[in-house]
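Here's the structure we're looking at; comments come further down.
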Amino acid sequence: MNSDQHPAVEIDHVSYTYPASGLDAQPVSALQDISFKVDEKTKLGVLGPNGGGKSTLIKLILGIIVPNQGKVKVFGLSPTKARAQGLVGYLPQRIESDLDWPISVEQVVAFGRISKLKPWQRLGKNDLQSIQHAMELVDVLDLANRHIGSLSGGQLQRVMIARAIAGNPKLLVLDEPTVGVDIAGQQRFGKMIETLQSELGLTVIVVTHDMRAIAAMADRIACLSRSLHFHDAPQGLTPGVLAQVFAHDVAGVFGDIHIDAHRADECEDPSHTIRSGCGCDEHDCSDQGENK
Amino acid sequence: MNTLALLQSDVSSPSVAPVIFAAITIAILGGALSVFVVLKRLAFIGQGVSHAAFGGVGIALVLGVHGATTMGAIGQLAIVIAFSILAALWISALTRISKGRTDTAIGVVLSASMALGFVLFTVSEGGHEHDDHGHAIEAHQDEHHIIEEILFGNILDTDWTKAGISIGFSLIVLMITWFMRRRFIFWAFDEPVCDAYGINSKRTTDIFLVLLALSVVMAMQITGVVLAAAILVLPGAAALNISNRLSNVFGYSILIAVIGAAIGMLIGFQADYPIGPAIVLTQSALYVVTLLMNKAMSRLR
C-alpha cells in the first residue's frame, strides 16, 4: 500500500462526546465537528486550553478511542491499523512508567520495536540498529546501560522519544512535551524535533497549551477548544485568535480583549470551525474536563 | 493412588518424590511470576484470588465433588481453577468499572467469594443430614478435611497423579509467560502507553491475571489458601533487593524460590513441621537476608 498518496492524518467532521460517568454526571462533549489534514513531513502544533480536547484528539489519532461521528485516517488507514503497522510513535505527557523497574535505558528504547516483533522473535540486527540510531538521534547513546531510574527528567524524556522513534514511525505524536521547560530548553527541544524530522522524514504533531513553545516546534498550527479555530502558519496566529481560543485566560497577556458570550453559539456551527475564530465563553471552553 | 490408600501405605517411608517434584516446579513458577507480581503491585490480587478459591471449593461440595478420591480431587481442582480465574477477571472488570480502585475490587470479590464458600459448605452439610446417618458423618469429616486442606494446604497428600497435574499446569503457565515475556514486561513497566504502542493493555491484563489465578491455585497445593500469595511474592521481592538487571532478577528470583522450597521441605520433613508454612518461612528468611545484603551493599557504595 502506498501511503504517500494520503495525508499523514486526515480528520473528517469528527465529533467525540465522553459518556456520562455516573447517575449525577452529564456526557461531556470534547470535540465538535473537527476537520483538518496534516500533510506528510510537516510539523503541526495543536494549541488549546486545558480541557479543549487536545488529549481527545491524540486518543483519536492513536485509535484508543473511536469518534462518535466522522472519520479519522492515518496514512489512509484506520488509526488502529496504522498503529499496528508501527507507523505512529507517541510521547506521553506524563511519563508514568515505573522507574523502580530493574531495566536499562536500552531495554526501554527497545520497547519501541514491540509492534514489529512476533512473540517468539528475538531482537534482530535491524532492531538493534534502529534502537542504536534512535538513541544516537536524541543523544542518549552514552546512557544505554544506565538504570532507567537514575536519569534526570530531561534525559528520561529523550529516552522516551528514542522509544517512540525506535519503531521507525512515519508520524510522531508529542503530548505537551515542554511542560516545565524553560525557554532555552524549548528552543533546544524544537531543534531536536527538527533534526528528527529531517533525519527520519517524520510528520510531527505537537500538542500543547504553551504558546511560546509552539513557535519553536511547529510550522503549522491548529487551535483547538472543542472546535477548531485556526489552521495556518504560526505567523497568522494573532493575539485576537489566541484570546478567543483561550477565552479570558489570555486577555491579561494581550490586553483588554472583550469576548462576546453570545458568540459561543457559533461553536456549534460547523461552518465556523475553520478560520472563523469563533469565540467561546469561559464556561464553554475551559471547564470541559479532559476526561480520562 | 487416593488419599486413603496413601495413608494406609507404609508411613515410615512415605512417597516423598512426587511431593518434592511438585513443590520445586511450583516454586519455579512462583519465582518467575513473583517478579511481575511485585513490580506490577499485584500482591494483593494474589491474596484476593487465593481466598476467592474458597468459593470454588464450596461450589464443588454442593455439586457433590469431593477431594477424597483421585477423580474427585481432579474435579474439585477443575472447579477451583475455573472459579479462581473468574474471580481474577471479576477483580479486573470491577477495577475498570470503579475507576482503577483495585483494592476495592479485591475487597468485594474476596469477601463475596469467601462468604459464598461458607454458605455453600453449610448448605452441603445440611443436604447430607437428610441422607442416611452414617454417610452424612463420613461426608462431614470429608468436608472438614477439605476445609483444612484448602486453608492450610496438605502437600503430603500429593501422589504422582496430583503432582503430574501441578507440574503440567505450572509448565504451561511458565511457557505462556515466556512466550509473552516482552509484552508482559512492557505492560508492567508502562501500562498507560501500551495501547499507543499496539499492545492491548486490557487483554494483556486479563491474560496475566488468568495465569496468576492458575499459579495461585498451584501455590495453594503447597501452602493452602492462607499462604498461597506468599510464594508468588517473596522470591521476586527478595531478588529485587539484590539486582537491578532484569534478566538477573528473574534468575535470582527462581533460585531463591527453589532454595526456599528445598530448605523448607528439608526442615519440614526432618522436624515434622507442616511443609507449606516451612517453605514460606524459609523464603521469608531469604527475603530478610537479601534485604540486609541490599543495605550492606548500599553502605559499601
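The values are calculated or read from the model by the stated rules, or taken from the named source; none is laboratory data. For clarity, every value in this text was computed on a predicted model and none was experimentally measured. Cβ sites come from the backbone with ideal geometry, for glycine too, and all protein chains shown count toward neighbours. For the accessible areas, the whole protein counts, side chains as well, though only heavy atoms, and no ligand, DNA or RNA atoms are used. Shrake-Rupley method; radii C 1.70, N 1.55, O 1.52, S 1.80 Å.
Under a 5 Å amide H cut-off, with hydrogens placed 1.01 Å from N, A:Thr42 pairs with A:Val204 among residues at least 5 apart or on other chains. Sequence-distant contacts, meaning Cα pairs under 8 Å at least 6 residues apart, place the relative contact order of chain B at 29 percent. Buried on complex formation within region B:242-268 (loss of at least 40 square angstrom of accessible surface versus the isolated chain, 1.4 Å probe, ligands and nucleic acids ignored): B:Asn244, B:Arg245, B:Leu246. Packing order of peptides B:236-243, A:192-199, highest average first: B:236-243, A:192-199 (average count of other Cβ atoms within 10 Å over each peptide's residues). Run the dipole for chain B about the Cα centre, Lys and Arg Cβ at +1, Asp and Glu Cβ at -1, nothing else charged, and hand back the magnitude in debye, nearest 20. The dipole of chain B has a size of about 2140 debye. Across all Cα pairs in region B:15-294, the calculated P(r) in 10 Å bins from zero up to the longest distance comes to 7, 29, 34, 21, 7, 2, 0 percent per bin.
The calculated FRET efficiency for B:Val289 paired with B:Trp160, based on their beta-carbon distance and R0 = 30 Å, is about 0.30.
Heavy-atom accessible surface of region B:15-294, averaged per residue, reaches 41 Å², computed with a 1.4 Å probe. In region B:194-239, the alpha-carbon atoms span a convex hull of 83 Å³ per residue.
Remark: accessible area buried at the B-A interface is about 2600 Å², both chains counted, probe radius 1.4 Å.
Region A:174-195 and region A:25-85 have Cα centres spaced 22 Å apart.
On C-alpha positions alone, give me the angle between the axis of helix B:201-227 and the longest principal axis of chain B, in degrees, nearest 10. Approximately 50 degrees, to the nearest ten.
Per-residue 3J(HN,Hα) values for region A:114-128, derived from phi via the Karplus relation 6.51 cos²θ - 1.76 cosθ + 1.60 with θ = phi - 60°, read 4, 6, 8, 10, 6, x, 8, 7, 8, 5, x, 4, 4, 4, 4 Hz in sequence order (x marks Gly and Pro). From Cα pairs below 8 angstrom and at least 6 apart in sequence, can you work out the relative contact order of region A:1-158, rounded to a whole percent? Worked out over region A:1-158, it gives 21 percent. Positive end of the dipole of region B:15-294 (Cβ unit charges, origin at the Cα centre): among B:Thr282, B:Phe83, B:Phe186, the Cα lying farthest that way belongs to B:Phe186. Axis of helix B:102-129 versus longest Cα principal axis of chain B: the two differ by about 10°, to the nearest ten degrees.
When a 1.4 Å probe is rolled over the protein heavy atoms, the share of accessible surface on chain B that falls to carbon and sulfur comes to 68 percent. Going down the list A:Lys170/A:Lys191; A:Lys116/B:Lys202; A:Lys73/B:Lys202; A:Lys41/A:Lys118, which pairs span over 26 Å between their C-alpha atoms? Table pairs above 26 Å Cα-Cα are A:Lys41/A:Lys118. Angle between the Cα long axis of helix B:70-97 and the longest principal axis of chain B, 0 to 90 degrees, nearest 10? Here the helix axis deviates by roughly 40 degrees.
Highest-first packing order for the peptide set B:48-57, B:34-43 is B:48-57, B:34-43, based on the mean count of other beta carbon atoms within 10 Å.
Modelled this way, with points 7 Å down the Cα-to-C-beta line, the labels at A:Asp219 and A:Asp182 are 3.0 nm from one another.
When chain B is treated as a Gaussian network with alpha carbon springs shorter than 10 Å, the biggest mean-square fluctuation among B:Ala17, B:Ala32, B:Ala278 belongs to B:Ala17. Globularity index of region B:28-82 is 1.40 (Cα radius of gyration / 2.2 N^0.38 Å, N = number of residues).
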